[in-house]
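The values are calculated or read from the model by the stated rules, or taken from the named source; none is laboratory data. Everything numeric in this text was worked out from a predicted model, so none of it was measured. A quick note on method: Cβ atoms are made from the backbone with ideal geometry, for glycine too, and the neighbour counts reach across all protein chains shown. Protein only, heavy atoms only, side chains kept; ligands, DNA and RNA dropped before computing areas. Shrake-Rupley method; radii C 1.70, N 1.55, O 1.52, S 1.80 Å.
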Amino acid sequence: MLTAEKVLVPHLGAITHVDYTARVQVVKDGFIWDLLTALKSMGQPAVIVNTSFNAAGEPLVHDADGAIRTFKQMKFDYLLIEQILYKEV
């Protein structure tokens, strides 16, 4: 289910539109649910950004190396590639 919701956590700038809303996909089970639950249990916001993955002015990411470079450049907290979860340090 896709909804438009007000963003209540200010540090989620990557998902927040200028009117402080975000398009939210609701999940109830499966792998993504498990991942969100794990994030929450680690004290993190249970949020996954799923978008065209590129920095402003850069081409879309097409491989793992590009994903890791862009992840570091954009200062995301986590990046999931296949079964590997990367954390910003």
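Of the residues making up the range 7-23, those that are modelled with pLDDT of 80 or more and open to solvent by 50 Å² or more (accessible area, probe 1.4 Å) are His17, Val18, Asp19, Tyr20, Arg23.
Scan (1) loosely packed, with under 14 Cβ neighbours inside 10 Å; (2) in contact with a Ser or Thr (Cβ under 7 Å, 6 or more places away or on another chain) for the single condition Gly57 breaks and write down its number. Only one criterion is unmet by Gly57, namely (2). Each residue in the range 74-89 was checked for being touching a strand residue (DSSP E or B) at 6+ places or on another chain (Cβ under 8 Å) and open to solvent by 70 Å² or more (accessible area, probe 1.4 Å), and 4 of them qualify. What are the residue pairs meeting all of these: first residue in the range 47-60, first residue among the hydrophobic types (A, V, I, L, M, F, W, C), second residue assigned to a loop (DSSP other than H, G, I, E, B) and at pLDDT below 90, Cβ atoms under 7 Å, and 6 or more apart or on different chains? Filtered contacts from the range 47-60: Val47/Leu12; Leu60/Ser52; Leu60/Phe53; Leu60/Asn54.
Filtering the range 21-46 to residues that are more than 15 Å from Glu88 (Cα to Cα) and either touching a strand residue (DSSP E or B) at 6+ places or on another chain (Cβ under 9 Å) or hydroxyl-bearing (Ser, Thr, Tyr) (or both) leaves Thr21, Ala22, Arg23, Val24, Gln25, Val26, Ile32, Leu35, Thr37, Ala38, Ser41. You will find that of Phe31, Phe71, the residue that is open to solvent by 60 Å² or more (accessible area, probe 1.4 Å), hydrophobic (A, V, I, L, M, F, W, C) and either assigned to a helix (DSSP H, G or I) or modelled with pLDDT under 85 (or both) is Phe31 and no other.
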